[in-house]
Amino acid sequence: MRRNCDLGPLKYQVVLYFFRNIHFSTALLLIMYVIGLHFVALAGWLPVQHNTADSGLIYADLFGNAGGNSLSSSLFAVALVVVQAIMINSIADQFRLMNSRSWLPGASFALITALLPSFLYLSATLVSSLFVVWSLRFLFYAYKSPKSPLYVFDIALCIAGASLFYPRALLVAPALFIAVGIMRSWGPRDYMVFIAGLILPLQLGWTWYFWRDQAGAFFQRHISDVFNWPQLVTGLDISGEWPGLAVISLLFLFFIFQISGYTRGKSILVQKSVTVMFWLLVFGGLHIFFCADWQWDRFVLVGAPAALLLAYSYEDMKPLYAEILHLIILIAAFALQFMYISGF
């Protein structure tokens, strides 16, 4: 007697199906997914690009040697991506940002942070993005506790802490300032608390390097260079960067076209979170034009908001269409890696 073989949900779902659950063991699958996305870097097939000229002094002291080695740099990158992916997943679950609990936000972050070849290695922006993820958690806490200024202080503290590793992370602070106003009403005390949160890490960092006779270098790197506005667009040569620019632009346009789908029939918190993610993407994308040269890894700074928007897209689509979208992004990522391996 012949039995029919029904593949059920596996019929049209290839990868995302395995992340549509809440099992803790899926974290192991997520780690394997990250390793697969970073395989070309782990294998040493991509040339490591470690430029500390735009990084903070603390990053140079802690990771200056590790970042120049291909294997150690890629291993650090994998570890940071896994930790942040789990953190983002925890935020989405804790604050009910998705219709149903799953590992899609974490998987989306893993894919976003492997989109371009320069994302695959350790960088100051990848370290700083860890603080951006923390700031998102405090931002959602601020929504739940609108009368407490403590979370406003924590949000500012996180982005200022990120600037100790990547100074121009401060340029994303206005987006978080706007985000706090979206999540809750501002009060006079909140303004002072936010400013205090921005100043404290910089003050502590300056004090530390003052005792090491590097106070001038700290001020130059973390304050003066950050707000050196004449650098805007000056000296940026992107003529050979059109493939990566096209991928980033198309992904951002896709998010824009999906705005109505992100907010339709969703809770007030989710609607507010979508607005916040777009503000972060705008400031995170524009801040690169205030840098002295063009480095793709700076876009990793706002990998978390991009990942949450991508997870929203996966969830709102039919499973087949979500798999197709995932496959398109995956092919684009591997195609860019191949282009850089072949010396494009």
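The values are calculated or read from the model by the stated rules, or taken from the named source; none is laboratory data. Note that the structure is predicted; figures quoted are calculated from it, not measured. In this analysis, Cβ positions are derived from the backbone assuming ideal geometry, glycine residues included, and neighbour counts consider all displayed protein chains.
Figures for the structure shown
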read-out	value
Residue that is nearest to the chain's Cα centre (by Cα), among those in the stretch 299-344 that are among the polar types (S, T, N, Q) and at pLDDT below 90	Q337
Residue within the stretch 38-50 that is under 19 Å from the mean Cα position of the chain (by Cα) and farther than 11 Å from L120 by Cβ present	yes
Residues that are of a type in the set (F, W, Y) and in a helix (DSSP H, G or I), drawn from the stretch 165-200	F165, F177, Y191, F194
Of residues in the stretch 66-117 being among the small types (G, A, S) and not in a helix (DSSP H, G or I), the one farthest from the chain's Cα centre (by Cα)	S100
Any pair with Cβ under 6 angstrom, 6 or more apart, that starts in the stretch 207-235 at a residue that is farther than 17 Å from A162 by Cα and modelled with pLDDT under 90 and ends at one that is outside any helix (DSSP H, G or I) and of a type outside the set (F, W, Y)	Q231/A292
Check on S267, in contact (Cβ under 8 Å) with a residue 12 or more places away in the chain and farther than 29 Å from D225 by Cα	yes
Which numbered condition P167 misses (of (1) touching a Phe, Trp or Tyr at 6+ places or on another chain (Cβ under 9 Å); (2) touching a residue at least 60 places away in the same chain (Cβ under 8 Å); (3) buried (at least 20 other Cβ atoms within 10 Å of the Cβ); (4) not hydroxyl-bearing (S, T, Y))	(1)
Any hit, the stretch 267-285, residues being surrounded by fewer than 20 Cβ atoms within 10 Å (Cβ to Cβ), outside any helix (DSSP H, G or I) and modelled with pLDDT under 85	no
Residue in the stretch 294-305 that is more than 16 Å from S123 (Cα to Cα) and in contact with a helix residue (DSSP H, G or I) (Cβ under 6 Å, 6 or more places away or on another chain) present	yes
Flag if A175 is surrounded by fewer than 14 Cβ atoms within 10 Å (Cβ to Cβ) and in contact with a helix residue (DSSP H, G or I) (Cβ under 8 Å, 6 or more places away or on another chain)	no
Breaking point among (1) at pLDDT below 95; (2) within 23 Å of W294 (Cα to Cα), for I159	(1)
Inter-residue pairs, beta-carbon under 7 Å, first among the acidic types (D, E) and in the stretch 184-201, second assigned to a helix (DSSP H, G or I), 6+ apart	D190/V152
Residues of the stretch 136-159 satisfying the condition of being free of Cβ contacts under 8 Å to residues at least 60 places away in the same chain, buried (at least 24 other Cβ atoms within 10 Å of the Cβ) and within 21 Å of A306 (Cα to Cα)	I155, A156, C158, I159
Meets criteria (of a type in the set (A, V, I, L, M) and modelled with pLDDT under 95) for A107	no
